[in-house]
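The values are calculated or read from the model by the stated rules, or taken from the named source; none is laboratory data. Owing to the predicted nature of the structure, the values given are computational and were not obtained by experimental measurement. Here the Cβ positions follow ideal geometry from the backbone for every residue, glycine too, while neighbour counts run over all protein chains shown. With ligands, DNA and RNA removed, areas are computed over all heavy atoms of the protein, side chains included. Shrake-Rupley method; radii C 1.70, N 1.55, O 1.52, S 1.80 Å.
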Amino acid sequence: MARLTLVGPVAPYRGGIAHFTEALGQALQARGHQVSALSFRRQYPRWLFPGRTQTEPEPVASSMPAAYVLDPLRPWTWLQAARWIREQRPDLVVFQYWMPFFAPAYGTIAGRLRRWEVPTVALVHNALPHERHVLDAMLSRWFLRRCRARIVLSETVAGQLATLGLPADVQLVHPVDPRYGPVRPRAEARKRLGLPPDAPVLLFFGFVRRYKGLDVLLEAMPAIRATLPDVQLLVAGEFYEPADRYRARIRELGLSSCVHVHDRYIPESEVVWYFSAADLVVQPYLSATQSGVVPMAFHFERPVVVTAVGGLPEVVPHEVAGFVVPPGDPGALAEAVVRFFREGWAERLTEGVRRLRGRYGWEPLCETLERMLAD
């Protein structure tokens, strides 16, 4: 049994990175390791966070012992965090890294740990952010150089590291998180969400930001409706930019009766209903590294239409677990959706999702960390 400390958000913080940290901790604990978490006293200042709240709307506690010490804007907490980690006497420290905003704090902690001969590894979700700023590369490089190794979850992030002059020591794929439980009956899920029982249902899931391409999907909907007149689109996730522009375009395109906008963070207990109600998950991203939505779709055995950006085609092989289309192309997106329903691809692609899902467990990541423990 080894002692590992994970640095990153954990419950009650919300969102994909927090869920990932929790799931990784649980997977390591299941293998007999002792796991603790160094988390945030304050994760984001209000001016940097576009959402309504940074914590889960439902009561939830971390699945591992956690210290909520770190504040990215208060340097004295960085030193407190480093000391707390040292007191845990970890055999390995794993940083969850996804934004250069955290690089000064993370880099300071990693530097202290290196002086104390505490081994560190960075699990790099994004080496560079979707919305770039002038200091991003410098900050990311400064932190990531201080870690003994770097793990990535897509070829795209490995490429980002290469532009920083750093190697990706291990490349894996984003594991499927089983926390959401089994899929529920489609009829029950649709009744719960107020959707027609027999209509084709598309799901756009997750925070709405410009790079995720929801506007492209809306532009594709009239062409989809021309062939599938009863199609329904479910948009489930909090808008991180003004929603009025999207609502106005929905009205202009005459889509008010078939586009259902749930502009809120979807808590963990409700996720199952959205994926269970859907026939097809659509991710029309304009840019990407990897996505946590694909593993969620795979968990619920739902095929996915993705765009050929970032690591999305790596995990959704074309005509195996979904369709891959060019980014920013409403016509190609509409054609793929219509093809899915008209040519009867649901069963074939669902079977492909089941086959791939077996490869996307947590074992490869846990085994990678265990090998690093032995180095």
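Accessible area ranking (1.4 Å probe, heavy atoms, ligands and nucleic acids excluded), largest first, for Ser256, Ser62, Ser140: Ser256, Ser62, Ser140. In the context of the full set of protein chains, residues of the chain present 41 Å² of accessible surface per residue (probe radius 1.4 Å, heavy atoms only).
Please give the calculated 222 nm ellipticity per residue for the chain, where each DSSP H segment of at least 4 residues contributes -39500 (n - 2.57) and the sum is spread over every residue; nearest 500 deg cm²/dmol?
When only DSSP H runs of four or more count, the value is -12000 deg cm²/dmol.
A simple spin-label model places pseudo-atoms 7 Å from Cα toward Cβ; at Arg342 and Leu135 they are separated by 5.3 nm. Modelled spin labels at Glu188 and His262, positioned 7 Å past Cα toward Cβ, are 1.6 nm from each other. Proximity of backbone amide H atoms, modeled 1.01 Å from N, is registered between Ala37 and Leu6, Ala66, Ala67 at under 5 Å, excluding neighbours fewer than 5 places apart on the same chain. In this structure, the amide hydrogen of Gly206, modeled 1.01 Å from its nitrogen in the peptide plane, lies closer than 5 angstrom to those of Ala236, Gly237, counting only residues at least 5 positions away or on a different chain. For the chain, compute the orientation-averaged projected area of the C-alpha convex hull (one quarter of its surface), in nm². Orientation-averaged projected area of the Cα hull: 17.6 nm².
Enclosing the Cα atoms of region 269-375 in their convex hull gives a volume equal to 111 cubic angstrom per residue. Taking amide H as placed 1.01 Å from N in the peptide plane, Val325 has its amide H under 5 Å from the amide H of Val306, Thr307, Ala308, each at least 5 places away in sequence or on another chain. Computed from phi, the 3J(HN,Hα) profile of region 290-303 under the Karplus parametrisation 6.51, -1.76, 1.60 (θ = phi - 60°) reads 10, 9, x, 6, 4, x, 5, 4, 5, 4, 8, 6, 10, x Hz, with x in place of Gly and Pro. Dipole check for region 285-375: with +1 at the C-beta of Lys and Arg, -1 at the C-beta of Asp and Glu, and the Cα centre as origin, the magnitude is about 220 Debye.
The apolar share of the surface of the chain, taken as the fraction of accessible area on carbon and sulfur atoms (1.4 Å probe, ligands and nucleic acids excluded), comes to 52 percent. Take every pair of alpha-carbon atoms less than 8 Å apart whose residues are at least six positions apart; their mean separation over the length of the chain yields a relative contact order of 14 percent. Expressed as a whole number of Å, what is the distance separating the alpha-carbon centroids of region 276-339 and region 80-153? Comparing the Cα centres of region 80-153 and region 276-339, I get a distance of 31 Å. If R₀ is 30 angstrom, what is the calculated FRET efficiency for the pair Ala162 and Trp47, using the beta carbon separation as r and rounding to 0.05? Plugging the Cβ-Cβ distance into 1/(1 + (r/R0)^6) gives 0.40. Projecting label points 7 angstrom from Cα along Cα→Cβ for Arg210 and Ser269 puts them 3.7 nm apart. When the charge dipole of the chain is built from unit charges on Cβ atoms (+1 for Lys and Arg, -1 for Asp and Glu) and taken about the Cα centre, the candidate among Thr55, Leu349, Pro222 whose Cα reaches farthest toward its positive end is Thr55.
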